[in-house]
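Here is the structure we will look at.
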Amino acid sequence: QLVESGGGLAQAGGSLRLSCTSSGRTFDIYTMGWFRRAPGQEREFVADISHDGLSTKYADSVKGRFTISRDNSKRTVDLQMNSLKPEDTAVYYCARKKILHVANSPGDYDYWGQGTQVTVSY
């Protein structure tokens, strides 16, 4: 089970930090990712982090502004979001990537959190 927290309202240029906690005892063998879905749009990839935290990937739209990190001892994966823009407004989801999958479409992930709303105002 994945549970996200930390969403809320921020002004443009501000920051928010999202956190995802896993109840799975094998958390440290999985790549973890963050996705988001804006109103009326498809779910899109935001960032992922390898099982050991050594490798990260970001969508071009968030590169340089968002940072993904993980703490395997706490079974958490965080998303630090800086320089927020109104277009970052979406429901953000934490997800676990399927073993041996390398792409970053929603179908490459098998467990999802319930999502947390992020709203960025002008």
query = How many residues, within the stretch 50-79, are out of contact with any strand residue (DSSP E or B) (no Cβ under 6 Å at 6 or more places or on another chain), assigned to a loop (DSSP other than H, G, I, E, B) and over 17 Å from residue 118 (Cβ atoms)?
reply = 11
inquiry  = Among the residues that make up the stretch 57-68, is at least one of them under 18 Å from residue 108 (Cβ atoms) and touching a helix residue (DSSP H, G or I) at 6+ places or on another chain (Cβ under 6 Å)?
reply    = no
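Residues in the stretch 41-62: is at least one of a type in the set (A, V, I, L, M) and open to solvent by 60 Å² or more (accessible area, probe 1.4 Å)? Steps first, please.
Start the filter on the stretch 41-62 by keeping residues that are of a type in the set (A, V, I, L, M), which leaves 46-47, 49, 54, 59, 62.
Still in the list and also open to solvent by 60 Å² or more (accessible area, probe 1.4 Å): 54.
Checked against the condition, which is being of a type in the set (A, V, I, L, M) and open to solvent by 60 Å² or more (accessible area, probe 1.4 Å), the stretch 41-62 yields at least one hit.
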query = Among the residues of the stretch 93-122, which ones are free of Cβ contacts under 8 Å to residues at least 12 places away in the same chain and either in a strand (DSSP E or B) or among the acidic types (Asp, Glu) (or both)?
reply = 108
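The values are calculated or read from the model by the stated rules, or taken from the named source; none is laboratory data. This one's a predicted model, so the numbers in the text were calculated from it and none came from an experiment. All Cβ positions, glycine included, derive from the backbone under ideal geometry; neighbour counts span all protein chains shown. Ligands, DNA and RNA are stripped out before the accessible areas are found, and what is left, the full protein with its side chains, is counted by its heavy atoms. Shrake-Rupley method; radii C 1.70, N 1.55, O 1.52, S 1.80 Å.
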